Structures are given as structure tokens and as C-alpha cells.
Amino acid sequence: MMRSRLKATRNDKNKGIVQVNAFNTTRNDKGQGMKQGYVYILFNKRHGTLYVGMTSNLVRRVYEHKNKLADGFTKKYSVDKLGYYEIYDDITSAITREKQIKGGSRKRKIDMIEKANPDWNDLYDEII
């Protein structure tokens, strides 16, 4: 069983910035909640700079990348377009998959994007 809830709030102190929070949980055999995991690839332009990441909240994480809220690689190189993502029932599987993708070649990452998203559209609107 999967539950999803999406909540958007407006914070006037931050000049009208909309904060998006998504909560996704699955239930195991015993009815206990487990977090889903997401593996994603961001890009800055077609065949440009790529970034592979993993999160338990894809909407929030991509929002942070798009709004430069996280210091580091994606902010420095303006890597903020969601080109590809995978959903996992648990964080452990997502971490394993992230390591596989990061260990693969750049060509393999581009092939993954082009197979699922041949026009290199920003998929962020698809997930919100």
C-alpha cells in the first residue's frame, strides 16, 4: 500500500517563495511505514553537465536544486533540470542503484536519459 500527500505552502517572509513538501511512504508486510527512494539524473543543457543523486523526497530535492538552495556541484554548474528518475520501495535499493549509475560511464547516463526522455525535457512538472 502506498500513500502520497503533496502540500504546498506560501511563505511571505521569503518574498512569496512556494515551498513544496511531498510525503511518500509504503507499508511492509507488518504494516510498518518505509520511505520510498528515488534515484535521479539532473542536467543543465542537452548533452551538458550531469549529476546523479538519490533522495527520499524527489519533489523537494529537485526544488532545492532548481532554487539553488543546496551549495555544491549543482549550484556551481547550474545543473537543475530533471532528465531521468527511478522509484524504489526502500532507501537501501535506491542507494545501491545510485552507486551503480554513478559508477557507470557518461555515455550510459546519456543513453538512460535519451531512452526515457528523448527530447531532454525537464521532468519536474511531471512529478509535482
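In order along the stretch 42-50, the Karplus-derived 3J(HN,Hα) couplings, from 6.51 cos²θ - 1.76 cosθ + 1.60 at θ = phi - 60°, round to 9, 9, 9, 7, 3, 6, x, 6, 10 Hz, and Gly and Pro are given as x.
Applied to the stretch 110-119, the Karplus parametrisation 6.51 cos²θ - 1.76 cosθ + 1.60 on θ = phi - 60° returns per-residue 3J(HN,Hα) values of 5, 4, 4, 5, 5, 6, 8, 8, x, 8 Hz, with x for Gly and Pro.
Per-residue 3J(HN,Hα) values for the stretch 57-74, derived from phi via the Karplus relation 6.51 cos²θ - 1.76 cosθ + 1.60 with θ = phi - 60°, read 9, 5, 4, 4, 5, 5, 4, 4, 5, 4, 9, 6, 7, 10, 5, x, 4, 5 Hz in sequence order (x marks Gly and Pro). Amide H contacts of Thr49 (H built 1.01 Å from N, in plane; Pro and chain starts excluded): Asn44 sit under 5 Å, all sequence-distant by 5 or more or on other chains.
Every number in this text was worked out from the coordinates using simple rules, so none of it is lab data. Keep in mind that what you see is a predicted model, and the values were worked out from it rather than measured.
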